[in-house]
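The structure appears below as structure tokens.
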Amino acid sequence: MKYFVNTTDQQVFAFEDDVEVIESDGVYNFNTAEGVPLDSLPVTLVPCDPPLPYEPPPMDAAGAIAERNALLAAAALRIDPLNDAVELGDATPAEVAALKAWRQYRVALNRIEQQAGFPAAVDWPKAPG
């Protein structure tokens, strides 16, 4: 990959290695491997290092609890109808298994505060499929 930054807005452009870069008097032009010019690119592009991978900032306790609560609310929307089917006595074996999986997920969500890395590094449980 070749990286160029737009000096006007700091947007980084990444080009595959097969893109030909032609520099003339500090202005860079780009052609495909077939020699077709890549139009509509800013004229203020200059080479740069690859950008660092994005890492979200660590979550604080309030943010982790808010995320957990949102996931619990979504889980409740899946659990309630499964509970209804079980209580009515007409749940299929698949629905019974799904209810168990969703309940286990909900328990795991409720235990995130007990994790060693909480709140900065929460190992979020995966929702059932």
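The values are calculated or read from the model by the stated rules, or taken from the named source; none is laboratory data. Source: prediction; values computed, not measured. Please note: Cβ atoms are built from the backbone with ideal geometry, for glycine as well, and neighbour counts cover all protein chains shown. Surface accessibility is based on the protein's heavy atoms, side chains included, excluding ligands, DNA and RNA. Shrake-Rupley method; radii C 1.70, N 1.55, O 1.52, S 1.80 Å.
Annotations for the structure displayed:
- Accessible area (Å², per residue) of the chain, counting only protein heavy atoms and a probe of 1.4 Å: 69 Å²
- Using Cβ point charges alone (K and R +1, D and E -1), the dipole size of the chain about the Cα centre works out to roughly 1000 debye.
- Expected 222 nm ellipticity per residue - DSSP helices of 4 or more, -39500 (n - 2.57), all of the chain, to 500: -12500 deg cm²/dmol
- The accessible surface of the chain, taken with every protein chain in place and a 1.4 Å probe, is 56 percent carbon and sulfur.
- Net charge, Tyr28 excluded, C-beta distance under 14 Å - Lys, Arg +1, Asp, Glu -1: -3
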